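None of the figures in this text is laboratory data; all of them are computed from the coordinates on show. All figures in this text were calculated on a predicted structure; none of them were measured in a lab. So basically every Cβ, Gly included, is an ideal-geometry build from the backbone, and we count neighbours across all protein chains shown.
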Amino acid sequence: MAGWVEVSRADIRRLAKFLELTVREFEAKHIVEHPRGGRKRIKAVDKTCQFLSPTRRCTVYRARPNDCRGYNCWDHADELYDYARFIQMPSADLAKLEARETKAERVEHEKALAKRRRKRLRDAART
Ligand code: SF4
């Protein structure tokens, strides 16, 4: 379910590395911990996964959590997750889609990381 994605330690490490954050930074920004049992999940934004883009693409696709790899994201008809409707397709097609990931998306990701790095350097210079 798009608004409730549980993550393992390995998922967290992979996602943090993908976003060029430390595990601690990633958890502070993107993770909530269940009060009982210590299970962790991705923070929801607008009642859906925060990594879902407005164009309904996973912005962390190459590093997405294991739970997201076993199914084709979601396609709930209820209004709660209308925003989160995603392209419903077999895993094999998703793999092909991943392989065709456009250069523009990679460039966009690199730009976002560079921007984050510059901000981190500015913040560090201020302290
Ligand atoms: S596939 Fe991506 S957008 Fe979809 S629930 Fe998983 S992390 Fe979020």
(request) Give me the pairs, please: first residue somewhere in the stretch 114-127 and outside any helix (DSSP H, G or I), second residue anywhere and among the acidic types (D, E), beta-carbon distance under 8 Å, and either six or more positions apart or on two chains. (result) none
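When you go through I42, I31, I12 one by one, which is the residue that is in contact with a Lys or Arg (Cβ under 6 Å, 6 or more places away or on another chain) and not polar (S, T, N, Q)?
On the way: I42 fails: in contact with a Lys or Arg (Cβ under 6 Å, 6 or more places away or on another chain); I12 fails: in contact with a Lys or Arg (Cβ under 6 Å, 6 or more places away or on another chain).
Going through I42, I31, I12 in turn, the sole match is I31.
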